[in-house]
Every structure is written in C-alpha cells, then in structure tokens.
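K.L.:
Just dropping this structure here.
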Amino acid sequence: MGLFDRIWRVIRANINSLVGAAEDPEKILEQSVMDMQEDLVQLRQAVAGAIATQKRSERQCAQSESAASEWYQRAQLALQKGEENLAREALTRRKSYQETASALKAQLEQQSGLVTKLKENMRGLEGKISEARTKKDMYIARARSAKASEKLNEMMGNLNTGSALSAFDRMEEKVMQLEARSEAIAELGTSDLEKKFLSLEGASDVDAELAAMKAQILPGNNAPKLPSGE
C-alpha cells in the first residue's frame, strides 16, 4: 500500500468515526487536511533529499570517469617513456576508478527510480489534498446546515405550537359568533321596521279600495248632498 493510500485510509476512518463520536466535524476535517499537508511537506523534503543525493552521485561518477580517463593517459605516457611498471600501476588506478564509476552508475539507477517514485507519490498526495480541501468545504457546509436545521427543529419543538394554534381556533370561532350575532341583530331590526311601514302602506291601500267599492255599489253615496234647509 502506498504512502498517500495509507493517509487517505486514516482520513476516511476519522470521517467515519464522526458518526460514533460526538466530535466537531469542522475540527476533524480541518485537522485531517493539516495532517495531509504536513505529510506533503515531509514528502517534499524526502524528494529534495533524494534529488540532492542523486546529484552528488552523478558528480562522483563523473569525477571517477574523469580520473579513470586521466590515469589511462598517464599509463600511455609511462609506456611511451619505457616505464612499464609505472604504466601498469597507472592502469591499476584506472581500473579502481572505473569500478567506482560502475558502482555509482548502478546506484544512480536506483536513486533515479526512487526519485521518480517519490515524485509520483508527491503529486498523488497533492491531488488528494486538493480533493480533500474541496470535500472538506462541502462537508463543513453540510455540517453547518445540519446544525442549523437541528437548532431550528429544537426551537420549534420547544414552542407550544399546539396551544397557540388552539387559541387561534378559539378566537376565530368567537369572532365568527360575534359576526353572526351582529348580522342577526341587524336583520331583525330591519325586519321590524319594514313590517311597520308595510302595515301602514297596506292599510292605506285597503281604505282606498274600500271607498271605491262603496262608490260603485252604493249609488246614494254618489248623489250630491242637499243642503239641510231644503
């Protein structure tokens, strides 16, 4: 398992533990990102150290190759001068530097692979941190929203909503009763008044009709009245 895979596993475990432990999600998420950032700093330091070692090995390898080449030229010079033993000794030195250069080249291959792997892990961890920051902001926003909803629900639960609504219902019924009484009183008052006027109007019509009938049926009522002396 890679380094950042283990780190991400720990972070997921911390996030999952929030359900069981009554911990602040914001603090846990912030701390998880900080831990990942510290691991990234250490990984960058490791990459820098590995690159520095690789550069030093490259310089040593180049120096060994240069020294081997120089001792070969000296062996040639000694042989030209008839110094065969000196030429043999120079070739021996050249062989020693060649062996050192070969060992350094093998070491460089391993170091190069290590540097490549460390760089990949570093880039992977950087991506994980970027992803974790995005998810952290999202989870924090969701946690804050959940807290706000919880507080609102608690507040609504503490309110005596049932009695308040019942009071409104009672007041509505009382108002409706008052309105009905007012309408009934107004209707009754108007009806009595109308009856009185209708009674008067009806009596006048009956008297007029009765006088007309008398005029038609009783002729004497139509004859002009004579003066009392005649």
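Quick grid of which residues meet (1) surrounded by 15 or more Cβ atoms within 10 Å (Cβ to Cβ); (2) part of a helix (DSSP H, G or I); (3) modelled with pLDDT of 90 or more:
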{"position": "R9", "(1), (2), (3)": "no, yes, no"}
{"position": "L18", "(1), (2), (3)": "yes, yes, no"}
{"position": "L40", "(1), (2), (3)": "yes, yes, no"}
{"position": "L43", "(1), (2), (3)": "yes, yes, no"}
{"position": "R59", "(1), (2), (3)": "no, yes, yes"}
{"position": "R74", "(1), (2), (3)": "yes, yes, yes"}
{"position": "G82", "(1), (2), (3)": "no, no, no"}
{"position": "N85", "(1), (2), (3)": "no, yes, yes"}
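K.L.:
Any residue at all in the range 105-122 that is within 30 Å of Q73 (Cα to Cα), open to solvent by less than 70 Å² (accessible area, probe 1.4 Å), aliphatic (A, V, I, L, M) and modelled with pLDDT of 85 or more?
P.N.:
Within the range 105-122, one or more residues are within 30 Å of Q73 (Cα to Cα), open to solvent by less than 70 Å² (accessible area, probe 1.4 Å), aliphatic (A, V, I, L, M) and modelled with pLDDT of 85 or more.
K.L.:
Right, next: Does any residue of the range 41-58 turn out to be within 60 Å of the chain's Cα centre (by Cα) and farther than 23 Å from L108 by Cα?
P.N.:
Yes: the range 41-58 contains one or more residues that are within 60 Å of the chain's Cα centre (by Cα) and farther than 23 Å from L108 by Cα.
The values are calculated or read from the model by the stated rules, or taken from the named source; none is laboratory data. Fair warning: this is a prediction, and the values are worked out from it, not measured in the lab. Virtual Cβ from ideal backbone geometry, glycine too; neighbours counted across all protein chains shown. Each accessible area value is taken on the protein alone, full model and side chains, heavy atoms only, with ligands, DNA and RNA left out. Shrake-Rupley method; radii C 1.70, N 1.55, O 1.52, S 1.80 Å.
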